[in-house]
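The values are calculated or read from the model by the stated rules, or taken from the named source; none is laboratory data. Here the structure is a predicted model, which means the values were calculated and not measured. Reconstructed Cβ throughout: ideal geometry from the backbone, glycine too, with neighbour counts over all protein chains shown. Heavy atoms of the whole protein, side chains included, go into the accessibility calculation; ligands, DNA and RNA do not. Shrake-Rupley method; radii C 1.70, N 1.55, O 1.52, S 1.80 Å.
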Amino acid sequence: EAMSAARHALRQQRNSLLPVARLPPEILRTIFAFSSEIDLPWIENGVRIRLGWLAVTHVCRRWRVIAVEHTALWTDFSWPLGPGWTEAFAERARTMPLMIRF
């Protein structure tokens with residue numbers, strides 16, 4: 001467990017030195033917004049989920065926080081991923097108006 005924690009800390013430190021880590025949150029939010037319009041998540045054969053733009057929330061902790069806190073990203077429910085995803089989107093959209101398409 002200590003080795004795992006040390007590896008994690010080293011990866012975080014290495015990642016913080018990358019040029020992309022210096023992008024301000026405003027720029028990342030703009031990139032995420034464009035991604036959300038062109039790379040939609042979808043379900044294949046009712047089983048396999050392709051995350052599409054949601055993959056940005058899996059890159060690093062900083063990107064996840066920025067994406068999750070960007071309420072406008074979570075307002076469009078134009079594709080069915082299931083009740084768990086719908087709940088997450090509604091919660092993250094907070095008070096923003098929702099776009100729900102069937």
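The selection criterion, being in a helix (DSSP H, G or I), surrounded by 12 or more Cβ atoms within 10 Å (Cβ to Cβ) and in contact (Cβ under 8 Å) with a residue 24 or more places away in the chain, holds for Arg92. Number of residues in the stretch 1-31 that are open to solvent by 70 Å² or more (accessible area, probe 1.4 Å), hydrophobic (A, V, I, L, M, F, W, C) and either assigned to a helix (DSSP H, G or I) or touching a residue at least 24 places away in the same chain (Cβ under 8 Å) (or both) equals 5. Scanning the stretch 44-102 for residues that are farther than 25 Å from Ile27 by Cβ and among the aromatic types (Phe, Trp, Tyr) turns up Phe77, Trp79, Trp85, Phe102.
Of the numbered criteria (1) loosely packed, with under 13 Cβ neighbours inside 10 Å; (2) of a type in the set (A, V, I, L, M); (3) over 28 Å from Gln12 (Cα atoms), the one Val65 fails is (3). Of all residues in the stretch 32-53, those satisfying the criterion of being open to solvent by less than 80 Å² (accessible area, probe 1.4 Å) and part of a helix (DSSP H, G or I) are Phe32, Ala33, Ser35, Ser36, Gly52, Trp53. Since Val47 meets every condition but one in (1) modelled with pLDDT of 90 or more; (2) out of contact with any helix residue (DSSP H, G or I) (no Cβ under 8 Å at 6 or more places or on another chain), which condition does it not meet? All conditions are met except number (1).
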